[in-house]
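Here's the structure we're looking at; comments come further down.
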Amino acid sequence: MRRLYLPTLLLMLLGLASGQTGQSYINAELQRLIQAGGQSYANTLLRQAPDQALCSIHRNKLPAEVLGPFIEEQRKSIKYPADGKLMGDWKQGEPIFNTLARGNCFSCHVGSPLNIGGNVGPSLEKYGQRGTSEAMQKYTYEVIYNTWAYFPCTVMYRFGHGGLLKPEEIAHVVAYLLDPASDFNTKPALKR
Amino acid sequence: MGRFWRLVGAAVLALFSLLALAQEEEDPVKEAEKQKKQLLEQSGGVLPSDLFVAQGEQLFKTKRGPKNASLEACDFGRGPGKLEGVVGRLPRYFFDTRKVEDLDSRIRTCMVRLQGFQPQEIRRSEVVAIAFYLASLSNEQPVTVRPLMPQEKKLYELGEQLFYLRAGPRDMGCATCHVTYVGKRAGVLPYSDILKDKRAASHWPAFRYSNDQAWTMADRIRACYANLGMPAPDLYSEPIIALTLFMNTQARGARMDLPGFIR
C-alpha cells in the first residue's frame, strides 16, 4: 500500500500543474477501493481524464449545458497528418480496420469483406458511396480521430486522441472506407 | 380466390418459420443448451463442469494444509458447514474477517484460517474447483443478495460508481457496453443486460465450452478489463467484490443455473 502513495501524489501534482479544474468523479473512498485492485489497475483508473470524468458522472448522457463546451474541447484535440492528406493508402488501412489489436473496427461495424461485422456501431457497408469530397474525408477522419467531437461519450475508441493510431494510420483507414478502388467498396461485406 | 388465400397462408407460414429460425440462431441461451446436449451425448452423460465439481468436492472434504483440516467447517454465511444456496447469498459481510467477501475470497479465507495455507501459496485452480462444488449445491436456488449492513451498502455504492467509471486509452467502462449497447454484438456474443436481465449474473461460476475454461465471476470481470486493453484488478481484490456485489444485487430473485454452461 505504502508504495502507492508516491505515484498517486505525483499524479495529483501533475493534475494540478496541468490546470485540471474539471469536476472529478473519483472521490477519496472510490480511490481507496481502486487502489486495492493493485498498482497497474490503479495507475490506469486513477489517471481518469476530466472528459472521461464527465461521461462517468453523467452516465454517458451529457446534459445540454455541458454538451457545448465538451464538444468544443474534443474538437480542439484533433490533429491532422503532417502532409495534410486525410485519405492515405487503402491497402494499409485494411489491416488496421481488420485487426483486433489495432483498429478492431469490424467488431462493431458491418462492412468489411474480410470479417463478419458486429452491430454495436452503425453499418458502414459500401461507405464509399458517399463520395470522396473534402467534407466527407474530413468528417470521416475526425470521427475516427476523436469520435467524442461528434458523439460525446460513445463507446467507440478515440483513436487519435487516445494515441491508439497515428494521424497517418487514421488517413489509411479513411482511404479504406472511402476510396472507390478499396476492397471495402468493391467486395461484398460479410454479415452474420 | 381459394388458391390465392392458400398461397398467402403458405407465404405467411414460411415467413414465420424463417423468423423463428433466425431467432434461434440469435439467442445465446438456446445455443448453449444445444451445445450442452451435444456434449452430454458425446461423453455419455458427463459434463466438463461435473469434473470440476467432483475435484472441488474432494478438495473441500480432504484434510489438507499445515493444519491438516478439511473445509467442511467453513461458514459461507449460513453457519459452519451449511452450504446449500450460499452462492446466491454472496457477496456479504462477515464478522470474523470484518470484510465483505465474495465466493472466491471466502473460499480463500477458509483455506487460510481453517487449513493454515499462506495466501500466496493458494492455487487459483483449487479455488475455482471448490467454487464449482459450492455452485453445484446452489443450483436452482434463488439469488437473495441485498446490501443491508453499512459495510455492504457502502461497497454496493462504490461498485455502482466503478461500474459507470470510464478510464484508460480506450475510455473503457462496464456500463458503456452493458447498459448502452445491451443485446448488440461486438464479436460473437451480444452484451448482457446487467441491470435488467437477472440471468446475467445468476449463472456464475460457469464453464465456457468455447475454450474449455472454468470461470468464476472474478475471471469474467478481469476478462472484461483485459479485452479492452486495461490492467485487471487483482484476484480477490475489493474492486472485484464491489462490482460483483453490485451485479448480484441486480440479479436478486433469479433462480440460479449452476454451474453455468456458456459459450
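The values are calculated or read from the model by the stated rules, or taken from the named source; none is laboratory data. These numbers come from a predicted model, not from an experiment. Note that we place each Cβ from the backbone using ideal geometry, even for glycine, and neighbour counts take in every protein chain shown.
Being under 21 Å from B:A242 (Cα atoms) and exposed (fewer than 12 other Cβ atoms within 10 Å of the Cβ) is the filter here, so list the residues in region B:77-99 that pass it. B:F95, B:D96, B:R98, listed by residue number.
Checking B:Q151, B:Q115 one by one, the residue that is outside any helix (DSSP H, G or I), more than 8 Å from every other protein chain (Cβ to nearest Cβ) and touching a residue at least 24 places away in the same chain (Cβ under 8 Å) is B:Q115 and no other. Residues in region A:116-158 that are assigned to a loop (DSSP other than H, G, I, E, B) and either within 14 Å of chain B (Cβ to nearest Cβ) or more than 24 Å from A:A64 (Cβ to Cβ) (or both): 23 in all. Of the residues B:L90, B:L47, B:L134, the single one that is under 21 Å from the mean Cα position of the chain (by Cα) and at pLDDT below 95 is B:L47. The residue that is farthest from A:A53 (Cα to Cα), among those in region A:78-115 that are in a helix (DSSP H, G or I) and among the polar types (S, T, N, Q), is A:Q92.
Run down A:K138, A:K166 and say which single residue is under 18 Å from the mean Cα position of the chain (by Cα), at negative phi and touching a residue at least 24 places away in the same chain (Cβ under 8 Å). Going through A:K138, A:K166 in turn, the sole match is A:K138.
Among the conditions (1) within 14 Å of another protein chain (Cβ to nearest Cβ); (2) within 12 Å of the chain's Cα centre (by Cα); (3) among the small types (G, A, S), B:A226 misses just one, which is (2).
Residues considered: B:A200, B:A186. Of these, the only one that is on the phi < 0 side of the Ramachandran plot and within 7 Å of chain A (Cβ to nearest Cβ) is B:A186.
The residue of region A:78-95 that is modelled with the highest pLDDT, among those that are of a type in the set (D, E) and surrounded by fewer than 18 Cβ atoms within 10 Å (Cβ to Cβ), is A:D89.
The residues of region A:128-162 that are in contact with a Leu (Cβ under 9 Å, 6 or more places away or on another chain) and among the polar types (S, T, N, Q), listed by number, are A:T132, A:Q137, A:T140.
Rundown of residues vs (1) at pLDDT 55 or above; (2) of a type in the set (S, T, Y); (3) touching a helix residue (DSSP H, G or I) at 6+ places or on another chain (Cβ under 7 Å), yes/no style:
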{"position": "A:R2", "(1), (2), (3)": "no, no, no"}
{"position": "A:Y5", "(1), (2), (3)": "yes, yes, no"}
{"position": "A:L11", "(1), (2), (3)": "no, no, no"}
{"position": "A:A17", "(1), (2), (3)": "no, no, no"}
{"position": "A:S24", "(1), (2), (3)": "yes, yes, yes"}
{"position": "A:Q39", "(1), (2), (3)": "yes, no, yes"}
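Checked against the criteria, B:R208 does not count as among the basic types (K, R), closer than 15 Å to B:G159 by Cα, touching a residue at least 12 places away in the same chain (Cβ under 8 Å) and buried (at least 16 other Cβ atoms within 10 Å of the Cβ).
Of all residues in region B:226-256, how many are assigned to a helix (DSSP H, G or I) and crowded, with 21+ Cβ neighbours inside 10 Å?
Of the residues in region B:226-256, 12 are assigned to a helix (DSSP H, G or I) and crowded, with 21+ Cβ neighbours inside 10 Å.
Of all residues in region A:50-69, exactly one satisfies the criterion of being more than 8 Å from chain B (Cβ to nearest Cβ) and either under 15 Å from the mean Cα position of the chain (by Cα) or closer than 19 Å to A:T140 by Cα (or both), namely A:D51. When every residue of region A:96-111 is checked against the conditions, at least one turns out to be free of Cβ contacts under 8 Å to residues at least 24 places away in the same chain, more than 9 Å from chain B (Cβ to nearest Cβ) and surrounded by 21 or more Cβ atoms within 10 Å (Cβ to Cβ).
Considering region B:166-190, the residues that are touching a residue at least 12 places away in the same chain (Cβ under 8 Å) and more than 23 Å from A:Y41 (Cα to Cα) include one that is surrounded by the most Cβ atoms within 10 Å (Cβ to Cβ), namely B:P190.
If you check A:R75 against the conditions, is it away from every other protein chain (no Cβ under 14 Å), at pLDDT 95 or above, surrounded by 12 or more Cβ atoms within 10 Å (Cβ to Cβ) and outside any loop (DSSP other than H, G, I, E, B)?
yes
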